[in-house]
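J.: Sharing a structure below in structure tokens format, with a few things to ask.
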Amino acid sequence: MQLKKSLVLLILFTSLHLTSFAQNFKAKLYAGAAGSQVSGDELSGFNKGSALFGLGVTYPLKSTSAVSLQLYYLQKGSRKPSNLEQGDPTTYLMRLNYIESTISYDFSLSRKIYLRTGPSIGYLVSSKEENQDGILGNRTNFSPVDISLMGAIGYPFSNSWNFEFGYLQSLLAIREHGSGETYYLNKGQYNSVITFTLVKTFGNKTEKSE
């Protein structure tokens, strides 16, 4: 009988603890735009635009810090449009579709500014390369995983809406150079991405006093 009471109390205590723990999580939705480039493709500029969207959760550690998990869709790559005015009809498009998984440490610099930084892993779903003549074949395969470091600065402009400007940089090459050559830390091609994101937060979030 005493054992049953102890088990009931343990289950009740565990349930209350897990409920309290779960209530501390804040769910988030992300939507925005990205510009990307690929170093080593002999092009420059964040000319490849795309949308990004996903979801995540945040767990507060202290009043000024938290840990966040994100899962979102992001298209990376590079793009060269034609420039007929300069007599250049050539075009190029590299389209890399990723499902990105990110864990970040978030900390507030002030009431209106916060930073996020952490590792990110992109899982390549599909890829495509083409120029003015069509699809390019016989190309070096892309790595199925893109390991990156991300950083973002955020501004909460309402009780549940934030704006974030972020940067994502590959740490490992997404594929080798066509020649197969390497030079010190330059092992091939790398993704670089800038992001502009609206973040909707769900959960108990009290209004901060000015």
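J.: Report the gain in length on full extension from L69 to D133: 0.36 nm times residue separation, minus Cα-Cα distance, nm rounded to one decimal.
T.: Additional length available on full extension: 18.9 nm.
J.: With the Cα gyration tensor of the stretch 22-202 giving a ≥ b ≥ c as the square roots of its eigenvalues, does the rule (a/c under 1.5 for rounded; else a/b larger than b/c for prolate; else oblate) give rounded, prolate or oblate?
T.: prolate
J.: Now, a different point. So how do 162-172, 139-149 stack up, highest first, on mean other-Cβ count within 10 Å?
T.: 162-172, 139-149
J.: FRET efficiency for I153 and T91, Cβ-Cβ distance as r, R0 = 30 Å, nearest 0.05?
T.: Once rounded, the FRET efficiency stands at 0.30.
J.: A further question on this structure: Expressed in nm to one decimal, what extension gain is obtained for the pair V57 and N186 from 0.36 nm per residue of sequence separation less their Cα-Cα distance?
T.: Between V57 and N186, full extension yields an extra 42.9 nm.
J.: Could you work out the local net charge near S148, counting Lys and Arg as +1, Asp and Glu as -1, over the other residues with Cβ closer than 13 Å to its Cβ?
T.: Charge balance near S148 sits at -1.
None of the figures in this text is laboratory data; all of them are computed from the coordinates on show. Computed from a predicted model, the values in this text were never measured in an experiment. Heads up, the Cβs are rebuilt from the backbone with ideal geometry, glycines too, and the neighbour counts pull from every protein chain shown.
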